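Visitor: Let me give you the structure first, and then I'll get to my questions.
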Amino acid sequence: MRYEELQKLLESLTIKEKIGQLIQLSGDFFGEHEMKTGPQAKLGIESWVSENVGSVLNVIGAKQVRLIQKKHLEKSKIPLLFMADILYGYKTIYPIPLAFASSWDPDLIEEAYKNIAKETSPAGVHVTFSPMVDVVRDARWGRSMESTGEDPLLNSRFAKAMVRGFQGDFIPGESLISCVKHFAAYGAPESGREYNTVDMSRGRLVQDYLPPYKAAIEAGAKMVMTSFNTIEGVPATANKWLLQDVLREKWGFEGLVISDYAAVQELVTHGYSENQKEATIAAFAAGLDIDMKSPCYANNLESLLVDGRISEDKLNSSVMKVLKMKNDLGLFEDPYIGIVDDTDSDSADFEEIKVNAQKVAEKSIVLLKNDKGVLPIKKGTKVALMGPYADNKDLIGAWAIHSNSSSIKTLKTVFESELDQQHFKWAEGCELLSDYKVLGEFGWETNFNSILKRSAEAELKKSIELAQWADVVVFAIGEHMLQSGEGGSRTDLTVPDIQKEWLDTVLEHTKKSVVLLFNGRPLVLNDIVKKVDSVLECWFPGTEGAQAIYNLVTGKVNFSGRLTMSFPSSVGQIPIYYSNFSTGRPSKGSSRSGRFVSRYLDASNEPLYQFGYGLSYSVVKYHHLSLSSNTMKAGDSIQVHLELENIGDREVDEIVQLYIHDISASVVRPVKELKDFKKILLSPKERKNVSFSITEQMLNFVDSSLEYIIEPGEFEVLVGPSSRTEDLKTLKFRYM
Ligand code: GLC
């Protein structure tokens, strides 16, 4: 409808009808089962609320959505919005974000997210609570799996790609409104402990943690979700500096701001608001539009309005944003727009999407080690597959909450279909965990693929027999799918002991060994890596992941994945990330040595695997790095040139990474920062020239007044296949 009509509709609403638009409730308020994505508590709200509510949380499915919408419209003249957590897939599950980020291919991910929207929108969802763009430099935090990693530039590129993929040129029934989260800096909880305090300088916040949210908004994200954590002692959900000064004034965001699950009510628990009435005032004053799953707005806004403690203009402004979103979707003309009833069953269209998901998985899996050329596994090799992930369908990660693993092909199913009985045997091997209670209660199904029913001794005996029979043993091990995700912080980042003990024993009978890792965050792998020949980081690779793994280990497809989060060599190093400052006493490259440098007595400073690291079946040489000039004038740019040479006999996708080091500045700068990257396809033996432009934007940084500035001085350019010092070729130039 036209804006004037929308204005008239707003004016026609009662106070309760207006307030209802600013409340989101979960499916159980509408006769649906509740998808538990937060702590369970009775809300204590009156019945008028669910009759007037503006949006529904985590209900999906053409039939359910149609039914709820129909019933709602018998009592209300305003259609419901349906919002859900569709992070990396609905029916077809892509690799988790920390996995697909290893593709370093935003274009590929934009296409993937278009596909996700095509599968999801017909099932009645209007808004997805995605992308999650939090920068994460602490692998103890379980939600690392939802992030694209530790670097603000890479996260920003992927943030734009995911928003464009979801929203694109919006088509009802094919697109999804994107709600970027969690604003802000939820990925930096102290001690890596879920929901813990976030506290950092504004300079670091603006420089390293805010850019991906801004990128998502620049790409058109229409909603922002506030994070659970405090920033400078003020919870994000009531943080005026964040929600007004930064989001609205500085960035010009005009869309809707929604709280995370019950976060308004939690302002009281934080010790920020004395009671729910004060929490309502604080959140509303900060500019929070929608209260997700808390009683605060429902039980307090009306009395606060009557008492004059909140303005009706402000209320109307928030309500109008909700009405506008519904109007832009066309819901007033057709409340069922885009819903396709047969989408509750798999349809042919999804076949193409499965092919795309497999391609993404192939580019997301990272080859960490491949000694003795154990991979690719050649035809005629006797292969034994074993371990708790050998025949486990839980390959979709903790946030595929609207899907289930039941239709997934497991590794065993794929290997069995590709290899004959003379060349393939398998065993469960061992239990994934020795105690599943650590996982806590979860609201969604996962088929705990437990072999507790069988005897560990019998499984170990069978594993040893198979290892003795095989030329190559493929060990499929890792974290439980629910040891990461929300509420999944861990202090011990090793593969569960029950698996390591089994692995150590079987390795004594193994000729050649390959480890496939399934995990939702970087793990500490030292003791496993040194004992085996090859290691693949498979993450949780999604519904098509098993086939992708088979194609990679047999060489049908070459590896191209590169890590986007450092793998610590010890938990004690955390937070660990590549773009660190020099310090006044760096352990390398300074005149000082011995004790009085920045180091540990009992561990290396270096991660086990660096940001940007990954191997392939090829070797690419970097030659002739040069600059178009060794001085760059204000307003100018200079070019970086180099030549790549694929000395291998296989085609390879090489991810060339460009880092910059601002050698001295009025606020110290990291020893290297990713400023650009290119994915270059090289045929066997091919040489190819590659160029990058160095722009002023790449040289600027946030000074103590929180403004981006650029200063004259000496800079270093570093180019290579990873952030490892030994992989980088460097040159210097001066910005005048
Ligand atoms: C959860 C998560 C958030 C999700 C929301 C709705 O607690 O923090 O990412 O979108 O609740 O399920």
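Computed from the coordinates by the stated procedures, all read-outs in this text should not be read as laboratory data. Just so you know, these numbers come straight off a predicted model, no measurement behind them. So basically every Cβ, Gly included, is an ideal-geometry build from the backbone, and we count neighbours across all protein chains shown.
Visitor: Place the peptides 281-289, 572-580, 326-334 in order of packing, highest mean first, counting for every residue the other Cβ atoms within 10 Å and averaging per peptide.
Guide: My ranking of the peptides, most packed first, is 281-289, 572-580, 326-334.
Visitor: Mind jotting down a quarter of the surface of the convex hull over the alpha carbons of the stretch 593-722, in square nanometres, one decimal?
Guide: Projected area, direction-averaged: 10.6 nm².
Visitor: Continuing with the same structure: I'm checking a number: the convex hull volume of the Cα atoms of the stretch 495-574, normalised per residue, in Å³. What is it?
Guide: Normalising the Cα hull of the stretch 495-574 by residue number yields 115 Å³.
Visitor: Going highest first, how would you order 467-480, 610-623 by mean Cβ packing within 10 Å?
Guide: Ranked from most to least packed, the peptides come out as 467-480, 610-623.
Visitor: Another question, then. In percent, what relative contact order does the stretch 477-616 have, based on Cα pairs under 8 Å that are 6 or more apart in sequence?
Guide: 23
Visitor: Looking at LEU210, TYR113, PHE170, which one has the Cα that reaches farthest to the positive end of the dipole of the stretch 109-234 (charges on Cβ: Lys, Arg +1; Asp, Glu -1)?
Guide: Highest projection toward the positive end goes to PHE170.
Visitor: Still on this structure, please answer the following. Using only helices, what value at 222 nm comes out for the chain when you add -39,500 (n - 2.57) per DSSP H run of length 4 or more and divide by the total residues, to the nearest 500 deg cm²/dmol?
Guide: -7500 deg cm²/dmol
Visitor: Further question on the same structure: Roughly what percent of Cα-Cα pairs across the stretch 451-510 reach past 14 Å?
Guide: Across the stretch 451-510, Cα pairs with separations above 14 Å total 63 percent.
Visitor: Using 18 Å as the cut-off for backbone N distance, which residues of the stretch 243-286 belong to the label zone defined by a point 7 Å from the Cα of SER191 along Cα→Cβ?
Guide: 270-271
Visitor: I've got another one for you. Would you mind calculating the relative contact order of the chain from Cα pairs under 8 angstrom and at least 6 residues apart, reporting the percent as a whole number?
Guide: Here the relative contact order equals 14 percent.
Visitor: Between ALA185, VAL529, ASN327, whose Cα lies farthest towards the positive end of the dipole of the chain when Lys and Arg beta carbons carry +1 and Asp and Glu beta carbons carry -1, centred on the Cα centre?
Guide: VAL529
Visitor: Dividing the convex hull volume of the Cα atoms of the stretch 91-163 by its residue count, what figure in Å³ per residue is obtained?
Guide: 85
Visitor: For the stretch 1-160, just list the percent of Cα-Cα distances falling in each 5 Å bin from zero outward, please.
Guide: Pair shares across the bins are 1, 8, 15, 16, 15, 14, 12, 10, 7, 2, 0.
Visitor: Where nothing but the Cβ of Lys and Arg (+1) and of Asp and Glu (-1) is charged, how large is the charge dipole of the stretch 2-60 around its Cα centre, in debye to the nearest 20?
Guide: It comes to approximately 140 debye.
Visitor: Counting DSSP beta bridges with both partners in the chain, what percentage is antiparallel, nearest 5?
Guide: 55
Visitor: Additional query: Given C-alpha coordinates of the stretch 396-542, what is the ratio Rg to Rh with the Kirkwood estimate of Rh?
Guide: The Rg/Rh ratio comes out at 0.95.
Visitor: For the chain, give the magnitude of the charge dipole about the Cα centre (Cβ charges: +1 Lys/Arg, -1 Asp/Glu; no others), in debye to the nearest 20.
Guide: Taking the Cα centre of the chain as origin, the dipole is about 1480 debye.
Visitor: Can you give the charge dipole size of the stretch 32-81 about its Cα centre, rounded to the nearest 20 debye, using +1 on the beta carbon of Lys and Arg and -1 on the beta carbon of Asp and Glu?
Guide: Computed about the Cα centre, the dipole is about 180 debye.
Visitor: Find the Rg to Rh ratio for the stretch 486-528, where Rh is the Kirkwood radius over alpha-carbon pairs and Rg uses the same atoms.
Guide: Result for the stretch 486-528 is an Rg/Rh of 1.02.
Visitor: Grab every C-alpha pair in the stretch 274-341, bin the distances at 10 angstrom width from 0 up to the longest one, and report whole percents.
Guide: P(r) for the stretch 274-341, in whole percents per bin: 19, 42, 23, 14, 3.
Visitor: Using alpha carbons only, how many angstrom separate the centre of the stretch 661-736 from the centre of the stretch 547-591?
Guide: 18
Visitor: Please give the peptides 5-15, 402-412 ranked by average Cβ packing (other Cβ atoms within 10 Å per residue), highest first, as a rough proxy for protection.
Guide: 402-412, 5-15
Visitor: Can you tell me what percent of all Cα-Cα pairs in the chain are more than 37 Å apart?
Guide: I get 42 percent for the Cα pairs in the chain exceeding 37 Å.
Visitor: Below 8 Å between Cα atoms, with a sequence gap of 6+, how large is the relative contact order for the stretch 556-704 in percent?
Guide: 25
Visitor: From Cα coordinates alone, what are the radius of gyration and Dmax values for the stretch 244-375 in angstrom?
Guide: Final numbers for Rg and Dmax: 23.1, 76 Å.
Visitor: Got a sec? Charge dipole of the stretch 354-442, +1 on Cβ for Lys and Arg, -1 for Asp and Glu; which of ALA398, GLY429, THR381 is way out at the positive end?
Guide: Checking the options against the dipole of the stretch 354-442, the answer is THR381.
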